[in-house]
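> A single structure is presented below for examination.
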Amino acid sequence: MTDNSIFINKKVVFHTLGCKLNFAETSTIGKQMVNEGFVKARNGEQADVCVINTCSVTNTADRKCRQAINHLHRHHPDAIMVVTGCYAQLKPEEIAEIEGVDLVIGANEKFSILDYLRDFKKDDGNKIRHSEIKKTKEFKPSCSRDNRTRYFLKIQDGCDYFCTYCTIPLARGRSRNGSIEETLKMAEQAISDGAKEIVLTGVNIGDFGKSTGESFYELIKALDELPYNIRFRISSIEPNLLTDEIIRFVAQSKHFMPHFHIPLQSGTNEVLQIMKRKYNRELFAHKVEIIKSILPDAFIGVDVIVGVRGETPELFEESCKFIDSLAVSQLHVFTYSERDDTKMLEIDQVTPMIERKKRSDILHLISDKKTKAFYESQKGKCYPVLWESRHNSENMVGFTSNYIQVERQYDNKLVNTLEMVTLGEWNQEKSALLKS
């Protein structure tokens, strides 16, 4: 029989870096640990265990992970330091060498932290618990609430695409998911816990159903039939997997919001081919066009990577012209970072780092222009806003159905409630103020 009494009233600190998927998984790990007796350390308290869930999407992400480990070790020098996540999966030996690290746990082992802590001996010299993630077929669901009101429901993990710049398949393994039935149960539990809005998240969520013989379209149809007052959002979805059928469904859905986040990465077919993306820019333009034709007020966020190998100045200029022509609402601009074990390293043409930054600045300006134009088009329109607990000085914020941030005087009674509002002017924080 397992003895869990060793964990009673032990204090734990969690630190998560990277994507919403990581936050959802940390939340699940936290629930496991609290259920076995751990309590979350308050500010100023010394922790017995520190758990760091890492990201490794760029060199900057790796650096932030190392900084977080060093910071926590300084503040909790006697704590057992456990590091997991993508950086831990990709470079376990590198992390094991960092001062203060006691356990490095791979992606497939992250939900077994309690077992490793139960058997932990500080002087046994065996820090790494790690297996080949590419062989993993098991899907481990998770759900988290952020520090506002939204819940993030993990519906899928892993990726089979192997884009030339990306290490996610190496860090998270092959695409896999739970069943629609299991996902519905997770959503209903979140709603029971108080969720008014749930974001469907994963590594490649449009690939949902690959391991269960189902489909993402079937999933969203099933979620839309839930008999609750709930809002759903689709997080980032590949343009080749965002079918016209899905777009039309969202347009007439009871619960899915008119909000899309679609990775473009580059506005030229030449660079998309270098990246080994599974679409061309013509298909991407079609997706934006059909969204706007059916849902003219929909918010469309777009991911773009600048400075990849092979992106010449001429190709970047062509990419900017294409992006500028799209009726999108906002760009999420990422600066390319060389990653070990990726095919893009085989390309000789390298964009200098100073040039990458210049290109990033140019795309941020285009993004600001797009966002301002979208916001201006929304003045005077009425939308339901889900108010959040976060507030800036005297104000609180919320989001409309089409993802416009709205600000009003703080009122605790409105937290996690829906209110119809009319949008007025915009402030410097890019929040809409209520029309008086």
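> In segment 21-73, how many are in a strand (DSSP E or B) and of a type outside the set (S, T, N, Q)?
Qualifying residue count for the region: 6.
> Same structure again: Can you say whether Ile247 is within 26 Å of Pro169 (Cα to Cα) and at pLDDT 95 or above, as far as the supplied structure shows?
For Ile247, the condition - within 26 Å of Pro169 (Cα to Cα) and at pLDDT 95 or above - is not met.
> Say whether the condition of being over 17 Å from Glu238 (Cα atoms), in contact with a strand residue (DSSP E or B) (Cβ under 8 Å, 6 or more places away or on another chain) and surrounded by fewer than 21 Cβ atoms within 10 Å (Cβ to Cβ) is met by at least one residue in segment 179-188.
Among the residues of segment 179-188, at least one is over 17 Å from Glu238 (Cα atoms), in contact with a strand residue (DSSP E or B) (Cβ under 8 Å, 6 or more places away or on another chain) and surrounded by fewer than 21 Cβ atoms within 10 Å (Cβ to Cβ), which makes the answer yes.
> Would you mention how many residues in segment 352-401 are hydroxyl-bearing (Ser, Thr, Tyr), within 26 Å of Val288 (Cα to Cα) and either in a strand (DSSP E or B) or touching a Gly at 6+ places or on another chain (Cβ under 9 Å) (or both)?
Counting residues in segment 352-401 that are hydroxyl-bearing (Ser, Thr, Tyr), within 26 Å of Val288 (Cα to Cα) and either in a strand (DSSP E or B) or touching a Gly at 6+ places or on another chain (Cβ under 9 Å) (or both) gives 3.
Conditions (1) over 19 Å from the mean Cα position of the chain (by Cα); (2) under 30 Å from Glu318 (Cβ atoms); (3) surrounded by 23 or more Cβ atoms within 10 Å (Cβ to Cβ), marked per residue:
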| site | (1), (2), (3) |
| --- | --- |
| Cys166 | no, yes, no |
| Leu200 | no, no, yes |
| Ser215 | yes, no, no |
| Leu226 | yes, no, no |
| Phe249 | yes, no, no |
| Gln252 | yes, no, no |
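> Could you tell me which residue of segment 109-141 is farthest from Asn35 (Cα to Cα), considering only residues that are at pLDDT 90 or above and hydrophobic (A, V, I, L, M, F, W, C)?
Per the stated criteria, the residue is Phe139.
> Further, regarding this structure: Considering only residues that are aliphatic (A, V, I, L, M) and either out of contact with any strand residue (DSSP E or B) (no Cβ under 7 Å at 6 or more places or on another chain) or in the same structural domain as Val333 (by TED's automatic domain parsing) (or both), look in segment 273-287 and name the one that is farthest from Met344 (Cα to Cα). First the steps, then the outcome.
So in segment 273-287, the residues aliphatic (A, V, I, L, M) come out as 274-275, 283, 285.
Remaining after also requiring either out of contact with any strand residue (DSSP E or B) (no Cβ under 7 Å at 6 or more places or on another chain) or in the same structural domain as Val333 (by TED's automatic domain parsing) (or both): 274, 283, 285.
Numbers: Ile274: 8, Leu283: 23, Ala285: 25 Å.
Checked segment 273-287; the qualifying residue farthest from Met344 (Cα to Cα) is Ala285.
> Give me the pairs: first residue in segment 2-20 and in the same structural domain as Met33 (by TED's automatic domain parsing) and in a strand (DSSP E or B), second residue at pLDDT 85 or above and exposed (fewer than 10 other Cβ atoms within 10 Å of the Cβ), beta-carbon distance under 9 Å, and six or more apart or on different chains, which are they?
Hits for this filter: Lys11/Arg42.
> Please return the ranges of strands (runs of 3 or more DSSP E) entirely within segment 233-350 where 1 or more residues are more than 24 Å from Thr371 (Cβ to Cβ) and in contact (Cβ under 8 Å) with a residue 60 or more places away in the chain. Steps first, please.
Values: elements: 259-265, 299-306, 330-335.
The strands (runs of 3 or more DSSP E) meeting that bar number zero.
> Right, next: Tally up the residues in segment 84-126 that are out of contact with any Leu (no Cβ under 7 Å at 6 or more places or on another chain), within 25 Å of Cys166 (Cβ to Cβ) and outside any loop (DSSP other than H, G, I, E, B), please.
Here the count works out to 18.
> Taking segment 135-194 as the region of interest, how many residues are under 29 Å from Leu226 (Cα atoms) and of a type in the set (Val, Ile, Thr)?
Of the residues in that region, 5 qualify.
> For the list (1) at pLDDT 90 or above; (2) buried (at least 18 other Cβ atoms within 10 Å of the Cβ), I need the number of the one condition that Asp160 fails.
Failed condition: (2).
> So in segment 61-82, with the set limited to residues that are within 19 Å of the chain's Cα centre (by Cα) and buried (at least 22 other Cβ atoms within 10 Å of the Cβ), which one is modelled with the lowest pLDDT?
Here the answer is Asp62.
> Can you name every one of the helices (runs of 4 or more DSSP H) wholly within segment 127-230 that holds 2 or more residues which are without any contact (Cβ under 8 Å) to a residue 60 or more places away in the chain, out of contact with any Leu (no Cβ under 8 Å at 6 or more places or on another chain) and of a type outside the set (Lys, Arg)?
By residue number, 180-192, 216-224.
The values are calculated or read from the model by the stated rules, or taken from the named source; none is laboratory data. Everything numeric here is computed off the predicted structure, so don't read it as measured data. In this analysis, Cβ positions are derived from the backbone assuming ideal geometry, glycine residues included, and neighbour counts consider all displayed protein chains.
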